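Worksheet: one structure, shown below.
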Amino acid sequence: MGIIATKIFQLFFCLLLVSSPCLALEPEQEIEIYQKISSLTSELASNPDQYKIHLELASLYTELGNPAQPAFHLTQALALNPADSKTRIVLARLYLSQGEYSKALQEYQTLLTANPNSEEALLGIAKTYAERKKYKEAKGFYAQALSQNPASPEALLGMGLAQFNTGQYELSVASCKAALELKASPLAWNCLGNAQLRLEAKSEAKKAYRQAYMADPNFSEALFNLAAIEVLEGNLAEAERHRKLLKTQNPHQAYKLAQMIQKAKSTPNEAPK
């Protein structure tokens, strides 16, 4: 079970990354996978209670980038082996990625019932509440996760994002900085910049957005945020340079920025708000 479950775990992350090379299958590879699926399905038809085959089918369908079939086979596998926490984590994450929040919560709650100290379950529940914009509930579970592991960059960043979305900007800055000390990421830098901007610390916010963009040049949100400050400060040439970069990365943001620049040009004497 270990090898198959680990493979599903790895392929699951490929499923979330649309551009991931692990989904760029050659036609011959696809044919081979479908042949395996056909053989395993026939075997399963004669004996439905084959735990390992359900896991293998989930893995193969995940490799094909099919999100519906893995959930079915993971559910069937768990019905045969409810104590398989690793497979339950994969299923919960899959549900969360598909926006099936109630199902994701149910699987994470099952994990938490089996192990009240499960950091994975606490983080999963927190993320699910955050996705549903229930930030108060999310903060409660992030706090529990941090009580289990105070050095969790994932929990610190999640807490920082939840704090930002509930107007606790000073606390958000502290949480994001703590997360960055443990593990730098574009999302953490961007969160820090957002919180600092709300605290009117524009210079510090710009530094954070630059760090986010340097960490990942494809992270267009940070570049847009940086350009928006440039517009507010009247640095329209710099904002225009950023707009050109955004044009290929995110045309919608580039268009929105162009409107901001045009408005600033038409009211040059108006103080930035």
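The values are calculated or read from the model by the stated rules, or taken from the named source; none is laboratory data. Just so you know, these numbers come straight off a predicted model, no measurement behind them. Don't worry about glycine lacking a Cβ; one is built from the backbone with ideal geometry, like all the others, and counts go over all protein chains shown.
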task = Working only within the stretch 84-102, note down all residues that are basic (K, R) and surrounded by fewer than 18 Cβ atoms within 10 Å (Cβ to Cβ).
result = K86
Filter result for the condition that a residue is among the charged types (D, E, K, R) and more than 17 Å from Y101 (Cβ to Cβ), over K177, K133 = K177
inquiry  = Residue under question is E204, and the condition is that it be under 25 Å from P153 (Cβ atoms) and of a type in the set (D, E); does it hold?
reply    = yes
inquiry  = For the condition more than 24 Å from Y95 (Cα to Cα) and out of contact with any Cys (no Cβ under 7 Å at 6 or more places or on another chain), what is the one hit in S59, S39?
reply    = S39
ask   = On the given criteria, is L156 out of contact with any Leu (no Cβ under 8 Å at 6 or more places or on another chain), farther than 22 Å from A228 by Cβ and outside any loop (DSSP other than H, G, I, E, B)?
value = no
key: Candidates N117, N47, N81, filtered to the one that is at pLDDT 80 or above, under 19 Å from E154 (Cβ atoms) and surrounded by fewer than 18 Cβ atoms within 10 Å (Cβ to Cβ)   = N117
request  = Kindly list the number of the only condition in (1) modelled with pLDDT under 85; (2) touching an Asp or Glu at 6+ places or on another chain (Cβ under 9 Å); (3) closer than 30 Å to N117 by Cα that fails for A58.
outcome  = (2)
note = Only one of (1) buried (at least 20 other Cβ atoms within 10 Å of the Cβ); (2) at pLDDT below 85 does not apply to A68, and that is (1)
task = Restricting attention to helices (runs of 4 or more DSSP H) lying wholly within the stretch 35-109, give those where 1 or more residues are in contact (Cβ under 8 Å) with a residue 60 or more places away in the chain.
result = 68-80, 85-97
message = Can you find, within the stretch 112-160, the residue that is nearest to the chain's Cα centre (by Cα) among those that are closer than 21 Å to E181 by Cα and among the small types (G, A, S)?
response = G158
query = Residues K207, K244, K177: which one is within 20 Å of Y142 (Cβ to Cβ) and either of a type in the set (D, E, K, R) or touching a strand residue (DSSP E or B) at 6+ places or on another chain (Cβ under 7 Å) (or both)?
reply = K177
remark   = Considering residues that are over 22 Å from L74 (Cβ atoms) and either not in a helix (DSSP H, G or I) or not small (G, A, S) (or both), the number found within the stretch 110-131 is 3
key: Identity of the residue in the stretch 60-78, among the hydrophobic types (A, V, I, L, M, F, W, C) and in contact with a Lys or Arg (Cβ under 9 Å, 6 or more places away or on another chain), that ends up nearest to K103 (Cα to Cα)   = A71
